[in-house]
Amino acid sequence: MDGATRSMSNRQDTAPGGTCTTCPYCGVGCGVRAILDGAGGLTITGDLSHPANAGKLCSKGSALGETTSLDDRLLAPRIHGQDASWNDALDLVATRFRKTIDRHGPDSVAFYVSGQLLTEDYYVANKLMKGFIGSANIDTNSRLCMASSVAGHRRAFGTDTVPGLYEDLERADLVVLTGSNLAWCHPVLYQRLAAARKANPKLRVVNIDPRHTATSDIADLHLAIAPGGDVALFNGVLAYLSEQGLIDAAYTEKHVRGLSEAIESAKKEDLSATGLPAAQVAEFFALWAGTEKVVTIYSQGVNQSTAGTDKVAAILNCHLATGRIGRPGMGPFSVTGQPNAMGGREVGGLANMLACHLDIENPEHRVAVKDFWDAPAMPDAPGLKAVDMFRVVGEGRIKALWIMCTNPVVSMPEADAVRAAIAGCDFVVVSDLTAATDTAELADVLLPATGWGEKDGTVTNSERCISRQRGFLTPPGAARHDWEIISDVGRRMGWGAAFDYASPAEIYREYAALSGVAGNFGRDFDISATAGVTDAEYDAMAPFTWPRSATREGGRFFADGGFYTSDGKARMWPVQHRQPASKLTADRPFRLNTGRVRDHWHTMTRTAKSPRLSQHIAEPFLEIHPDDARRIGLAPASIAEVESDFGNCLLRTLVTDRVQPGQVFAPMHWTGQTAPTGRIDTLVAPNTDPFSGQPESKATTVDVRPFAAAWYGFAVSAREITPRSTYWARARSRNGWRAELACSSTPEDWETDARALFGLPTEATAITLIDPARRTARLAFLQDGQLVAALFAAPEPVGVSRSFLAGALGEPATAEVLSGRPGAERADPGATVCACFDIGVNTILAAIEGQTLASVDQIGAALNAGTNCGSCKPELQALLDATSRKVAAE
Ligand SMILES: Nc1nc2c(c(=O)[nH]1)N[C@H]1C(S)=C(S)[C@@H](COP(=O)(O)OP(=O)(O)OC[C@H]3O[C@@H](n4cnc5c(=O)[nH]c(N)nc54)[C@H](O)[C@@H]3O)O[C@H]1N2
Ligand SMILES: Nc1nc2c(c(=O)[nH]1)N[C@H]1C(S)=C(S)[C@@H](COP(=O)(O)OP(=O)(O)OC[C@H]3O[C@@H](n4cnc5c(=O)[nH]c(N)nc54)[C@H](O)[C@@H]3O)O[C@H]1N2
Ligand code: SF4
Ligand SMILES: [Mo]
């Protein structure tokens, strides 16, 4: 079967109205309706009945239909690169794990799993490792993501409880966003906030982020805090609250311990660590103190820090001291990243947790879980956390490793060392959708898993809402569900009865029953009222917010205390600012911040399949301040070489005052498959928070210098291309591929090189314009009069219209295409802003000026831009602001 046939046959008829499921990207957890038209087409709309999004979707959710194609999919198990039967592959996995454990003990093996597994998959993996293999060496990519929030919650509340609900954003009068680029990373939640701000003129928004981001645009106040300054800032708030007599004495006396120690510590804080002007700090303090209904949303700018757990404590302290927690419109709110980050925490996917929020350190909890599972073993101490786990793999002490649903060669700090560790491990199993990942390339055994749209189970979003993912596509080839694969290995290792599951519903029932055991210990996570769901009820299960037990249903936590500590009181922790661990030196004068872009998801195995999503930002970049760029001689759009103590990267230079001097920012998404010199985690230091073990992905010190490029290039090709230039980044476009290139040496013959790059047959005709004096080359290749490939090269970054050339692929072309721009009769749309309707920046700017548009709504009315998912609204606003500034300045 070829790719095209498979992609048709993978569609299965569903009832009219489609299948209700949940988006597989961010932790907002939007409900999605997937409708198959029976002819291979898939329409995705927002589920109007889902409480998270009430029908809205962002650009990534809307483009889900473009990500289910079968090209790149892994369709059969592979052993050392050769297709194998499931029987052989599973036997090999079970035997190697069994032999390794027999010879070296249970701690010589490990699982590294993911917040993108469904709860049922995750539950079975955790059960196999902790209860049956008898090791706690199961950790998850949530260690890189939510661990500091988990540790902060447990330290303050006794459990990992998110007290509030999404509607609190709408009910608040002040929303503080710290270390969160909500506009790009939780777009539907951001849209709810934007709508709330329109409806409630009293609502103020503060954004605390060293960079100016799309989220800063909605803020009344943007605090460009020094990296790592959050503890100092929130300590400042606490000290101010105390000075102003705004501590809630009734609440704190009844429900909180550690108040005076925390205040004392806060008063000692030196606010200069925030790097902020005193007037801004004072404005923030006054807002926080003067507004009762305040929600503090935080994400990776808080968690991914060597002071992450203390940052969380500093935030929680302010809410606890004022009793502003668990009441409508008030509370700290850690928004989760992955679709099932929360579910993974609930099932105990972290190396230091047991299932259902029970504690691994607690002997009674351990016995209860062991008995419930009728398990032969139960570790009595936490296992290795991700960074330590890969270090131990590198030392050869973990001899069998199973990686599921995550791509650590790209996403772990010190990524080259992680790659070497995995490459050197005796036995590596990888379960993924595709073999084309930097991690899958290293597997001894590759197991094809089913993906979104093919699998069934549950996920929990940021507000504790459990909702169903439902399959509507036939699993392709031999792909199997993760829970089936793990259970099968469990059975082959000798634990038949414990892993004899027939369906995710059966796993869910067991899990819900175990949560009842946790409930009996007085834990928060109790969904035991759903333990009796029938298969049909599970299939039809509507989204619900936990807990759901005989005594409690949904709602908020802690308005009336009831913390999960021994005495029922919350703990405030005395904390003090600490600098990020990487030191600034003469050789490492810049602090590298990393994060996300709007239209890509992590290591891009799915979003890079969508041409729409790939046009917004098509290559990895380095944001650097104009003063720094000038000082080090880095020209806009040139290639920057970035070096840390751990590795090197080449990235496109983006000169912008959205970053502060001395700081640079780069996205995390690019990989060996999409831009090999853009794997940003090769640079990131493996420094971790002492409590949570979460790495500081946002503050490695680096050096930046210009890369001496002999030429820069831009290429489009109807066929997939893998360039060989020193720097390259490729992306899918509507009719093929586009690539950015830069190289340190010039080819002897441009045409020969280009033909090799594009893999062109001899009958493809070339139109060339090569100017040795200027060192420029322009080559277009035609077949049957249609453009099949083109390359533009110059000694400086080439200024051709990317959108025009990408659009010209497959179209009839003449020598005019070598101008790299549309002719006078055709407008150049420019870089994509609105992914849904494919509307470029030039089109929007022309409409703003030509039609004197003054608002985002007017742009929508004129061009449709921003009217579907709305994810580009912050960028539309920024374009309006930029043009009005220009008008004002003229
Ligand atoms: N488009 C898109 N959305 C996603 C994802 C994706 O890959 N793509 N991934 C999902 C996942 S798993 C996650 S975890 C979330 C992450 O969501 P976010 O945490 O919102 O995203 P990031 O871009 O990682 O980081 C947020 C911000 O923290 C800032 N920051 C850095 N250092 C500091 C600091 O010391 N203090 C403060 N206050 N801020 C700082 C950065 O400048 C950055 O703008 O996004 C989820 N949503
Ligand atoms: N520098 C830097 N590094 C970071 C971050 C940062 O901000 N900066 N953020 C960190 C954070 S918060 C996160 S969450 C991580 C994310 O990092 P990763 O988890 O490594 O990234 P993903 O690309 O989401 O990897 C998921 C993999 O699972 C596969 N997959 C998808 N669905 C399924 C399925 O159902 N079953 C199986 N078996 N496989 C599946 C995909 O093809 C993909 O290969 O990155 C972390 N790394
Ligand atoms: S906000 Fe976007 S990515 Fe996140 S769940 Fe909703 S549709 Fe998916
Ligand atoms: Mo994450």
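The values are calculated or read from the model by the stated rules, or taken from the named source; none is laboratory data. All figures in this text were calculated on a predicted structure; none of them were measured in a lab. Please note: Cβ atoms are built from the backbone with ideal geometry, for glycine as well, and neighbour counts cover all protein chains shown. Protein only, heavy atoms only, side chains kept; ligands, DNA and RNA dropped before computing areas. Shrake-Rupley method; radii C 1.70, N 1.55, O 1.52, S 1.80 Å.
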*Per residue, how much accessible area does the chain have with a 1.4 Å probe, in Å²?*
34
*Which of the lysines could be linked to K254 by a straight reach, that is with a Cα gap under 29 Å, when you skip same-chain ones fewer than 8 residues away?*
K267, K268, K293, K311, K569
*Local electrostatic count at E510 - Lys and Arg +1, Asp and Glu -1, tallied over other residues with Cβ under 13 Å*: -2
*How much of the calculated P(r) for segment 386-432 lies past 11 Å, in percent of all Cα pairs?*
63
_At 0.36 nm per residue, and after removing the present C-alpha to C-alpha distance, how many nm does the segment from H104 to Q786 gain when stretched out fully?_
239.3 nm
_Probe radius 1.4 Å, ligands and nucleic acids ignored: give me the carbon and sulfur share of the accessible area of the chain as a rounded percent._
50
*What does the charge count near W737 come to, summing +1 for each Lys or Arg and -1 for each Asp or Glu among other residues with Cβ under 13 Å from its Cβ?*
+3
*Please give, to one decimal in nm, the separation of the simple spin-label points placed at A550 and S744, each 7 Å out from Cα toward the Cβ.*
7.1
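What does the charge count around D500 come to, taking other residues whose C-beta lies under 13 Å from its C-beta (Lys +1, Arg +1, Asp -1, Glu -1)?
Summing Lys and Arg as +1 and Asp and Glu as -1 gives -2.
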*What is the P(r) of the chain, as percent of Cα-Cα pairs per 20 Å bin from 0?*
15, 48, 32, 5, 0
*Assuming R0 = 25 Å, can you tell me the calculated FRET efficiency for the pair T43 and A846, based on Cβ-Cβ distance, to the nearest 0.05?*
0.20
*How large is the charge dipole for the chain, taken about the Cα centre, if only the Cβ atoms of Lys, Arg (+1) and Asp, Glu (-1) carry charge, to the nearest 20 debye?*
720
_Filter on K198/K455; K202/K873; K60/K455; K399/K698 - keep pairs with C-alpha separation over 27 Å_ = K198/K455; K399/K698
_Residue by residue through segment 56-70, what is 3J(HN,Hα) from phi via Karplus (6.51 cos²θ - 1.76 cosθ + 1.60, θ = phi - 60°)? Round to whole Hz and write x for glycine and proline._
7, 9, 9, 4, 5, x, 4, 8, 4, x, 8, 10, 9, 5, 9
*Take each of the peptides 861-874, 527-540, average the number of other beta-carbon atoms within 10 Å over its residues, and list them starting from the highest.*
861-874, 527-540
*Residue separation times 0.36 nm, minus the C-alpha to C-alpha distance between A708 and D416: what's the value?*
102.7 nm
*K99, K56, K127, reordered so the largest accessible area comes first (probe 1.4 Å)*: K99, K56, K127
*What's the extension gain from A250 to A635 if we count 0.36 nm per residue and subtract their Cα-Cα distance?*
132.7 nm
*Please report how far the C-alpha centroid of segment 58-100 lies from that of segment 176-191, rounded to the nearest whole angstrom.*
33
